Amino acid sequence: MYRFLAFEALLGLTLLTRSRWLVAALSTPQVISWLFLAAGLTLAILALSGRPARPAMGDPTNQDPEETPTLPPRRGVYKILRHPIYAAALFMGWGLFAKSLAPFDNASPLCAFLLTGVSLFLVWAARADDRADYLKFGTAYLLYVRSSKMLIPFIL
């Protein structure tokens, strides 16, 4: 449910800021926005490229993933972050919010409200995933939690 609500808030931010994407391209809010959006896109690409490949559907050794649980890979971006896709969405949300920071803009308070929702829902989703993974993997996951950050590299 948290992921759905975060996605809806991101969609709202995108729709509210759609007219400002290329206005005053070299202004400070736009440059900050593009940096956040680039960081989010980079994290998403790194996260998707670091996932292990799934066996083909016709492969006779293909087993139900629920029957053979494995810890997340500890290489690439997963060494640093446990939830890089959520982190990518968080950076995208901050980038979209920066686009709404034009002077005398009436959309900024609504964008701030949506950004708060995105941030909270993504943190709650990551915590829920951490609890579920801890129940599934036990101490091994707890060691992984201690060696990595949840959403923001070197901070959170």
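Values computed for the structure shown
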read-out	value
Gyration tensor (Cα) of region 77-146, equivalent ellipsoid semi-axes in angstrom	33, 12, 6
Gain upon complete extension [R74, F4; 0.36 nm per residue less C-alpha separation]	22.5 nm
Reach of K79 by Cα under 16 Å, taken over lysines that are not fewer than 8 positions away in the same chain	K149
Which of V118, V23 has the fewest Cβ neighbours within 10 Å, and the rest in rising order	V23, V118
Highest-first arrangement of 146-153, 40-47, 85-92, where packing means the average Cβ count within 10 Å	85-92, 40-47, 146-153
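Read the figures in this text as sums done on the coordinates, not as results from a lab. Just so you know, these numbers come straight off a predicted model, no measurement behind them. Positions of Cβ are backbone-derived with ideal geometry, glycine not excepted, and every protein chain shown enters the neighbour counts.
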